[in-house]
Every structure is written in structure tokens, then in C-alpha cells.
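Visitor: The following block contains the structure, expressed as C-alpha cells.
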Amino acid sequence: MTERAKDRVYPDAEVEERLKQELPHWYLEKGWIRRRYRTHSWKGTL
């Protein structure tokens, strides 16, 4: 079996459920898994 045959595409609902359970600060947006970081200011970001 090739590597490609092992790949799997997860439905959005399954991704969202796993994120809620395992990574609560992360979310799915337009096919991207994202997390927003909030900092005090732009200097804090650097």
C-alpha cells in the first residue's frame, strides 16, 4: 500500500468535534485550522 492510499480527508464536522475535545482554543475556518493569539500590543507580539 502506498503512502497516498493511507491518507484520509476528514469531514468538517469531525474536525470541529476533535478540536473542541482536544484543542479548545483552535477552530476550523474555511478549511484552515487556526488559533487566534491575543497580545497586549504589537510590541508584545514581537
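Taken together, the values in this text are just the output of simple stated rules run on the coordinates, not laboratory data. Computed from a predicted model, the values in this text were never measured in an experiment. Methodologically, a virtual Cβ is constructed for each residue, glycine included, from the backbone with ideal geometry; neighbour enumeration extends over all protein chains shown.
Visitor: Residue under question is Tyr10, and the condition is that it be surrounded by 10 or more Cβ atoms within 10 Å (Cβ to Cβ) and either part of a loop (DSSP other than H, G, I, E, B) or touching a residue at least 24 places away in the same chain (Cβ under 8 Å) (or both); does it hold?
Guide: Judged against the criteria, Tyr10 is a match.
Visitor: Being surrounded by 10 or more Cβ atoms within 10 Å (Cβ to Cβ), without any contact (Cβ under 8 Å) to a residue 60 or more places away in the chain and of a type in the set (Asp, Glu): is that true of Glu17 here?
Guide: Spelling it out, Glu17 is indeed surrounded by 10 or more Cβ atoms within 10 Å (Cβ to Cβ), without any contact (Cβ under 8 Å) to a residue 60 or more places away in the chain and of a type in the set (Asp, Glu).
Visitor: Could you check how many residues of the stretch 32-46 are in a loop (DSSP other than H, G, I, E, B) and either farther than 30 Å from Tyr10 by Cβ or touching a residue at least 24 places away in the same chain (Cβ under 8 Å) (or both)?
Guide: Qualifying residue count for the region: 4.
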